[in-house]
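Working notes, structure below.
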Amino acid sequence: DVTPAMAAELIQWVHVAFEGDVECIVAPYEADAQLAFLSQTKYVAAVISEDSDMLVFGCARVLFKIDWNGNGDEVRLADLWKTGKFRGWTQLQFQLMVLSFTFPFCYPPLALHLVNVFPELGFSLFFL
C-alpha cells in the first residue's frame, strides 16, 4: 500500500526533478475511473500506478514500477493493439476479455453471454 508519506516523497522528487513544471494529482482510495478520465481528456500525460486496471479503464499511458531513479515500465494503450496477442483488438474487446475472466467467479451466466454475443473475440471460457 502507498502511504501518505510515500506519496509526499514522490511528489517532492517530481517537483525537484522537473523544476516544478509537473503538476501532481493524488487520487484518493480507488480512483481508477477518475484517473482514466483525466488520461482520456489529456489533462494528464500519464498515470503512475501499480494497478493494471488502468489499462482496462482506458488510460492512454501508464507508468508501472517506478523506482526512485525514475526508471520503470511504460505501457501505451494504443501500442497494445499493434503487436502481440492483442494485435487488431479494440478497447471494447480488451475490456470484455477482462470481464470474461472476472465474471465466471461471480456471475457465470454473464460471462457465457459475453462469449456468445461477441464470438469474434476469439476466446472461450471453461468452467470446472
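Residue count for the stretch 24-40 under the criterion of being open to solvent by 70 Å² or more (accessible area, probe 1.4 Å), part of a loop (DSSP other than H, G, I, E, B) and not aromatic (F, W, Y): the result is 4. Number of residues in the stretch 3-57 that are without any contact (Cβ under 8 Å) to a residue 12 or more places away in the chain and among the acidic types (D, E) equals 5. Taken over the stretch 12-23, the residue count meeting the criterion of being more than 21 Å from V75 (Cα to Cα) and open to solvent by less than 60 Å² (accessible area, probe 1.4 Å) is 2.
Going through the stretch 45-69 one residue at a time, which ones are in a loop (DSSP other than H, G, I, E, B), closer than 23 Å to T3 by Cα and open to solvent by 40 Å² or more (accessible area, probe 1.4 Å)? Across the stretch 45-69, the qualifying residues are E50, D51, S52, K65, I66, D67, W68, N69.
The values are calculated or read from the model by the stated rules, or taken from the named source; none is laboratory data. If you're wondering where the values come from, they're calculated on a predicted model, not measured in any experiment. Glycine gets a Cβ as well: all are built from the backbone with ideal geometry, and neighbour counts include every protein chain shown. In case anyone asks, the SASA skips ligands and DNA or RNA and just uses the protein heavy atoms, side chains included. Shrake-Rupley method; radii C 1.70, N 1.55, O 1.52, S 1.80 Å.
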